[in-house]
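Worksheet: one structure, shown below.
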Amino acid sequence: MNLDELSQQTCEWLRAEGPDSDIVVSTRIRLARNLSDFPFIRRCTDIDRAGIESLVLRRLELRPEFAGLQRIDVESLDELDRRFLVERQLISRELAEAEGARSLLLEPNERLAVMINEEDHLRLQVMKSGLQIAEAWQSIDRWDNLLQEVLQVAFHDRWGYLTACPTNVGTGLRVSVMVHLPALVQTRQIERVFKSLQKISLAVRGLFGEGSQAMGDFYQISNQLTLGRSEAELLEQVGEVVPALIDYERKARDFLIASAREELTEQVRTALKTLRKSNRISSEETMHLLSKLRMGVHLKLNDELDIPLINRLFLQTQPAHLQKLRGGPLGSDERNRARAEYLQAALAGLGEGTT
Amino acid sequence: MKCQKCEKAATFHITEITDGDHVALHLCADCAEQYLKPSGGAGTVGEALAQHLSVGQTSDEMAKLDQKACPVCGITYYEFRKYGRLGCPHDYVHFEAELESLIVNIHGEVRHRGKRPPKPPADAAVATELIRLRREMKEAIDGENYELASQIRDRIRRLEKEGQR
């Protein structure tokens, strides 16, 4: 597959479609599976890794359903292309930075992504725009069944699907819902919300940033436990807190509008101006300002911008995407300039009337 | 206001809502942190291992456990403890007792209740044999014993073919 083609399209999780997509950006489910006849990755030789990869590719040819998947040989990609796939959430950092035979199998619409030779032999991921937990499960369950028709996976009667790390054993399932919570951040309620989620064994991670630091007010809510509960129960646990979260965020937005409409309008105006007029701008500041614009559009504080445009800017101003657009590696200062130029061009003429 | 669990001043005011019932809690920062900690157990394998190992083990027992190795993939418990990743599916059988208490720490559960493979699982004995042979082949190559390595490779191929794996 040609990655340059991929770079022209908006990825699935930024389509801004689906239920509650003003707050819920995307739903993602992944399943961890291992072949029964090979050691786990940590004890794999180069021969084993190559054997796993070729066996999986050969076996999937037996089912016509897999014919539409494109294979990307991650081992042979350069560093920029690997980071590009990480930014699109199609591969993990771990797969990008690993060594030896490893691949990505990808549906051209980017909804299904299968990593071969990550921490587990197989990591299946289904991504949907907006809040679509049931739909995502239906899809990944079907792919998983097809896969298990042609491959023997490691399963134990008591422990369920066996994984390299005991934190994933059992269902091997992780469901993550990505949410945009600028108003909860701005009203300083976010910490409290997270603590209550952690109390019911849900994990909260900031997107893009390391650890709990979130860039652009994007957060991912996911289950932490994988054993002793059915897939339906695990999905429900995440599924039932999300509406509450949406409700909190909407209330915080209403509160901001009611109490600080002027200030908020000014923030959106300033954010747009800064994005349009900078000569150099970091990825972090861009995310921060785009987050303000995104909320501003949803609160109808700006009628010139739209969400697809803002989402496109979120993605294309990421370091690897920017470098792909510019056709090659750039140093940090060059990137900050290129980002500013890109934003200037994309936002040209906007915000003129309001400055 | 005083913390409901100790003598310090309450700075956290938490309202628990369960089935429509409201319960107000007034806690100091320390007790609140304790209260709000995830109830399901340790979040990462590192935390779980740390908790797991601190439970009444002498250093002699520790050292002995660390040397215990899986006969199939060869991983030692020490290597697992250090990197947090297992070496092969058989480790779940070989280290079952050790893993059980670790898994309880992580998940608070000891039995899978989810999906099962759509078709019957493969013969586990053949699977472990294949993993063991792959390791022997590597050892033969490392020892430059190429004749042995090629014999092992043929056995692997035969087993793979028989099982249509």
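The values are calculated or read from the model by the stated rules, or taken from the named source; none is laboratory data. Keep in mind that this is a model prediction, so the values were computed, not measured. Every residue, glycine as well, gets a Cβ built from its backbone with ideal geometry; the counts of neighbours run over all protein chains shown. SASA here: full protein model, heavy atoms, side chains in, ligands and nucleic acids out. Shrake-Rupley method; radii C 1.70, N 1.55, O 1.52, S 1.80 Å.
Assess whether residue B:49 counts as being within 11 Å of chain A (Cβ to nearest Cβ) and either modelled with pLDDT under 75 or surrounded by fewer than 19 Cβ atoms within 10 Å (Cβ to Cβ) (or both).
In short, yes.
State all residues of the stretch A:92-103 that are of a type in the set (A, V, I, L, M, F, W, C), in a loop (DSSP other than H, G, I, E, B) and away from chain B (no Cβ under 14 Å); if no residue qualifies, say none.
A:101, the sole residue that qualifies.
Go through (1) within 21 Å of residue A:273 (Cβ to Cβ); (2) at pLDDT 90 or above; (3) basic (Lys, Arg) and name the single condition residue A:324 misses.
Among (1) within 21 Å of residue A:273 (Cβ to Cβ); (2) at pLDDT 90 or above; (3) basic (Lys, Arg), the lone unmet condition for residue A:324 is (1).
Determine the pairs where a residue that is open to solvent by 40 Å² or more (accessible area, probe 1.4 Å), located within the stretch A:281-301, has a partner that is part of a helix (DSSP H, G or I) with Cβ atoms under 6 Å apart, the partner being 6 or more residues away or on another chain.
Sorted first by the residue in the stretch A:281-301, then by its partner, the pairs are A:282/A:336; A:292/A:267; A:292/A:268; A:292/A:271.
Mind listing whichever residues of the stretch A:32-55 are over 21 Å from residue B:126 (Cβ atoms) and among the acidic types (Asp, Glu)?
A:46, A:53
Of everything in the stretch A:236-260 that's farther than 30 Å from residue A:29 by Cβ and in contact (Cβ under 8 Å) with a residue 12 or more places away in the chain, which residue is least open to solvent (accessible area, probe 1.4 Å)?
Only one residue fits best here, namely A:256.
Residue by residue through the stretch A:281-307, note down the ones that are within 18 Å of residue A:348 (Cβ to Cβ) and of a type in the set (D, E, K, R).
A:303, A:304, A:306
Could you list all residues from the stretch A:3-51 that are part of a helix (DSSP H, G or I), more than 9 Å from every other protein chain (Cβ to nearest Cβ) and of a type outside the set (S, T, N, Q)?
A:3, A:4, A:5, A:6, A:12, A:13, A:14, A:46, A:49, A:50
The rows are residues; the columns are (1) within 14 Å of another protein chain (Cβ to nearest Cβ); (2) among the hydrophobic types (A, V, I, L, M, F, W, C); (3) at positive phi; (4) part of a helix (DSSP H, G or I).
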| site | (1), (2), (3), (4) |
| --- | --- |
| A:53 | no, no, no, yes |
| A:67 | no, yes, no, yes |
| A:71 | no, no, no, no |
| A:82 | no, no, no, yes |
| A:90 | no, yes, no, no |
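With the requirement that a residue be assigned to a loop (DSSP other than H, G, I, E, B) and among the aliphatic types (A, V, I, L, M), what does the stretch A:55-65 give you?
Within the stretch A:55-65, just A:62 meets the criteria.
Show the residue pairs meeting these rules: Cβ distance below 6 Å; 6+ apart or different chains; first residue within the stretch A:317-333 and in contact (Cβ under 8 Å) with a residue 60 or more places away in the chain; second residue in a loop (DSSP other than H, G, I, E, B) and open to solvent by less than 70 Å² (accessible area, probe 1.4 Å).
Filtered contacts from the stretch A:317-333: A:323/A:330.
Looking at (1) within 14 Å of the chain's Cα centre (by Cα); (2) away from every other protein chain (no Cβ under 14 Å), find the lone condition where residue A:77 falls short.
(1)
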